[in-house]
Amino acid sequence: MNFERLFGFLEILNANNSKEWMDEHRGQYETVKADYVKWLEDLDLQLSKLDENYYSSSGKKAINRINNNLLYHPNKPTYKDHFGAGLDKRPKTGDFYIHLGIEECFVAGGFYKPKSELLKSIREAIDYNGDEFKKIINTKSFQKHFEGLMEDEDQLKTSPKGFTQDHKHIDLLRLKSFAAMKPFNRKEILADDFKEKVIEAYKVMLPFRRYLNKAVTV
């Protein structure tokens, strides 16, 4: 995978962010996209060997549209400044997300600001067995890769409805997001072992994602 070319394309696109420019350089985009789709499909195959419940998908299904949704976000540029892709994306569960962009690059998983019904299910799971969840996120390997959960500036100041202030897991119950992220710099992505690092992050995150996905599907 030529990640140098991928970043180069994103930088040029970001400086010429218009449909007219994209139409003129569609071939360049398709070449970069095809290269990345092939890389994703190989990664998908390798990840499928790590988990018997892995939900496999083609690279074309995994990769996100590069167009911004201007209907709901009219002030955003026409095209994104990154390539995003979701693997192990079983319907109604949290996927393993890969984000390669100009400003930031990372892998992530879990639920970032989920809908109220999903958030309710996660809180109920923590109420029932929050000790197991804390054990997962407090392991040395999880802390090393993800430094805990993603910061949630929007968390509740008080207890959510149905839970008391003195609940033993009130620190978790107040959260509105349950997601973990591992950043990568461009040097790491351009290195020969980048895919191995992504696979390692997937393995470390797997118990975390299993817990949350079970919470929203049982």
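The values are calculated or read from the model by the stated rules, or taken from the named source; none is laboratory data. Note that this is a predicted model, so its numbers are computed, not measured. Positions of Cβ are backbone-derived with ideal geometry, glycine not excepted, and every protein chain shown enters the neighbour counts. With ligands, DNA and RNA removed, areas are computed over all heavy atoms of the protein, side chains included. Shrake-Rupley method; radii C 1.70, N 1.55, O 1.52, S 1.80 Å.
Cα extents of the range 95-201 along the three principal axes, largest first, in whole Å?
Ordered largest first, the range 95-201 gives principal extents of 50, 27, 20 Å.
Where only protein heavy atoms count, and the probe is 1.4 Å, what is the accessible area per residue for the range 1-85 in Å²?
59
Nearest 10 degrees, 0 to 90: what angle lies between the long axis of helix 116-137 and the longest principal axis of the chain (Cα atoms)?
Compared with the principal axis, the helix lies near 80 degrees.
Residue-wise, which Karplus ³J(HN,Hα) couplings in Hz belong to the range 45-55, taking 6.51 cos²θ - 1.76 cosθ + 1.60, θ = phi - 60°, and x for glycine or proline?
Working through the residues one at a time gives 5, 5, 5, 5, 7, 9, 9, 5, 9, 4, 9 Hz.
Take the Cβ-Cβ distance between residue 169 and residue 112 as r, set R0 to 22 Å, and report the resulting FRET efficiency rounded to the nearest 0.05.
0.65
Could you give each residue of the range 174-179 its phi-based ³J(HN,Hα) in whole Hz, using Karplus coefficients 6.51, -1.76, 1.60 with θ = phi - 60°, and x for Gly or Pro?
Running phi through 6.51 cos²θ - 1.76 cosθ + 1.60 with θ = phi - 60° gives 6, 5, 10, 9, 10, 9 Hz.
Nearest 10 degrees is fine. How inclined is helix 194-217 to the longest principal axis of the chain, computing both from alpha carbons?
40
So, in nm, how far is label residue 19 from label residue 31 when the simple model puts each one 7 Å beyond its Cα toward the Cβ?
2.5
Could you check how much of the accessible area of the chain is carbon and sulfur, as a whole percent, using a 1.4 Å probe?
48
Write down the Kirkwood hydrodynamic radius of the range 1-85, to one decimal in angstroms, obtained as one divided by the mean of 1/r over all alpha carbon pairs.
For the range 1-85, inverting the mean 1/r across all distinct Cα pairs yields 14.2 Å.
Could you work out the local net charge near residue 125, counting Lys and Arg as +1, Asp and Glu as -1, over the other residues with Cβ closer than 11 Å to its Cβ?
Net charge around residue 125: 0.
Using r as the Cβ-Cβ distance of residue 2 and residue 217, and R0 as 41 Å, what FRET efficiency do you calculate, to the nearest 0.05?
Values: r = 38 Å, r/R0 = 0.93.
Efficiency for this residue pair is about 0.60.
For the range 100-113, what does the Karplus curve 6.51 cos²θ - 1.76 cosθ + 1.60, with θ = phi - 60°, yield as ³J(HN,Hα) per residue in whole Hz, taken in order and with x for Gly and Pro?
Working through the residues one at a time gives 10, x, 5, 7, 8, 9, 6, 10, 8, x, x, 10, 9, 6 Hz.
Find the all-direction average of the projected area of the Cα convex hull for the chain, expressing the result in square nanometres with one decimal place.
About 13.2 nm², averaged over all directions.
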